[in-house]
Amino acid sequence: MLTGVQVLLIGGDARQLEVIRKLTELDASVTVVGFEGLHTPLDGAIHAELRDELFDSADALLLPAVGTDDNGLITAVFSDRELRLTEAQIARLPKHATVYAGMAKSYLVQLCAKHGIGLMELFERDDVAIYNSIPTAEGAIMMAIQNTDITIHGSTCMVLGIGRTGLTLARTLQGLGAKVKVGVRRQEHFARAWEMGVTPFYIDRLLHEVGNIDLLFNTIPTMIVTAQIIANLPSRAVIIDLASKPGGTDFRFAEKRGMKAMLAPGLPGIVAPKTAGRIIADCLCQLIMDNAKLWGERP
Ligand code: NAP
């Protein structure tokens, strides 16, 4: 239980509703900022304006998927107000407090480091990334279906990168009956892909492997689908780039060639906000509970 733990949650989207629900279920004292536009009540949570005093007693500060932008602005889909996290606010947090966000830009990283406040980036955790790969793969397949006139079954799909997202996506495509090729750079990943029954190739051979592809999914967060690669793809091919912004595709050249190529960020929050919210909520509550035990053990 989180009885007595003070949580301050600022901004976010539908995913945070699951987080708030779970926190209140566990008896945390939850203050929320940036939810005044929500039409359904948030049972057990207190609505507040963004005031500096709120930070004085917070044991945990919860921020959205992208904690803040480079100027401290916090996205809040249920609010029209501008929510900006300031240095003065971070400085007011108790020293044992932790800031949690999906990922943090340098603004937040630097403020937390400067004031000795712990920062946890949830999307960097393996467990969260693996759970998130499920709605990500489903979202990628939704985009593939929406942007092709063929079935996934029987199509030739290429997945670049066999990390947490690529592995789930390759297996899901395979389950739907696609012929799946997987681009890797490590021998152990080559072996894993082969064991799964998909067709691995080394990424430095990419140019020679793209000739007969219907769908190309990229998960490698660096420029990999270059103009030269795109020039070798069949014109019917659709590129769905899942890597974090700006993706790994030369979108300008794809457009010039008249090919469909799209960057598809934030799929879990788009296709399955409830599931994505539960993934965050489960991890977050466990982390706060573990932290609360540590505060309890302090002299
Ligand atoms: P990951 O587990 O680190 O996997 C990344 C893969 O890319 C690994 O196989 C890695 O190979 C490979 N890779 C990295 N740099 C490479 C390079 N220069 N050449 C060849 N291969 C390279 O990451 P992930 O969790 O799967 O996430 C992948 C990307 O998707 C990230 O950018 C993440 O932010 C994004 N993402 C997007 C969504 C969405 O909704 N669109 C959802 C989740 C994640 P090695 O193991 O050899 O390094």
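The values are calculated or read from the model by the stated rules, or taken from the named source; none is laboratory data. In this text, all values refer to a predicted model and were calculated from it rather than measured experimentally. Don't worry about glycine lacking a Cβ; one is built from the backbone with ideal geometry, like all the others, and counts go over all protein chains shown. We work out accessible area using only protein heavy atoms, side chains counted, and drop any ligands, DNA or RNA first. Shrake-Rupley method; radii C 1.70, N 1.55, O 1.52, S 1.80 Å.
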Quiz prompt | Extreme residue, surrounded by the most Cβ atoms within 10 Å (Cβ to Cβ), among residues of the range 194-203 that are more than 9 Å from the ligand (Cβ to nearest atom) and over 24 Å from I145 (Cα atoms) | solution = F201
Quiz item: What number of residues in the range 78-96 are open to solvent by less than 90 Å² (accessible area, probe 1.4 Å) and in a loop (DSSP other than H, G, I, E, B)?
Solution: 7
Quiz item: Is it true that P135 is in a loop (DSSP other than H, G, I, E, B) and within 10 Å of the ligand (Cβ to nearest atom)?
Solution: no
Exercise. Check whether at least one residue in the range 223-246 is on the phi > 0 side of the Ramachandran plot and within 16 Å of the ligand (Cβ to nearest atom), and report yes or no.
Key: no
Quiz item: Which residues, taken from the range 178-189, are open to solvent by less than 60 Å² (accessible area, probe 1.4 Å) and in contact with a Phe, Trp or Tyr (Cβ under 9 Å, 6 or more places away or on another chain)?
Solution: K181, V182, G183, V184
Quiz item: In the range 208-222, what residues are of a type outside the set (A, V, I, L, M), more than 9 Å from the ligand (Cβ to nearest atom) and closer than 22 Å to R164 by Cα?
Solution: F217
Quiz prompt | Residues of the range 138-168 satisfying the condition of being part of a helix (DSSP H, G or I) and more than 8 Å from the ligand (Cβ to nearest atom) | solution = E138, I141, M142, M143, A144, I145, Q146, T168
Exercise. For the range 264-277, state whether one or more residues are crowded, with 16+ Cβ neighbours inside 10 Å and assigned to a strand (DSSP E or B).
Key: no
Quiz item: Which of the residues belonging to the range 97-115 are open to solvent by 50 Å² or more (accessible area, probe 1.4 Å) and assigned to a loop (DSSP other than H, G, I, E, B)?
Solution: K105
Quiz item: Is it fair to say G175 is open to solvent by 30 Å² or more (accessible area, probe 1.4 Å) and closer than 27 Å to G269 by Cα?
Solution: yes
Practice problem: State which residue is nearest to G118 (Cα to Cα) when the search covers only the range 283-299 and only residues that are assigned to a helix (DSSP H, G or I) and open to solvent by 80 Å² or more (accessible area, probe 1.4 Å). | Solution: L294
Quiz item: Restricting attention to the range 247-263, and to residues there that are within 16 Å of the ligand (Cβ to nearest atom) and assigned to a loop (DSSP other than H, G, I, E, B), which single residue is nearest to the chain's Cα centre (by Cα)?
Solution: G247
Exercise. Report the residue count in the range 31-55 for those that are surrounded by 14 or more Cβ atoms within 10 Å (Cβ to Cβ), closer than 15 Å to Q6 by Cα and free of Cβ contacts under 8 Å to residues at least 40 places away in the same chain.
Key: 5
Quiz item: Do any residues in the range 169-186 that are within 14 Å of the ligand (Cβ to nearest atom) have Cβ atoms under 8 Å from those of residues that are assigned to a strand (DSSP E or B) and of a type in the set (V, I, T), where the two are at least six apart or on different chains, and which pairs are they?
Solution: L169/V159; A170/V159; A170/V180; A170/V182; V182/V159; V182/T199; G183/V159
Quiz item: Among the residues of the range 115-129, is there at least one that is more than 16 Å from the ligand (Cβ to nearest atom) and without any contact (Cβ under 8 Å) to a residue 12 or more places away in the chain?
Solution: no
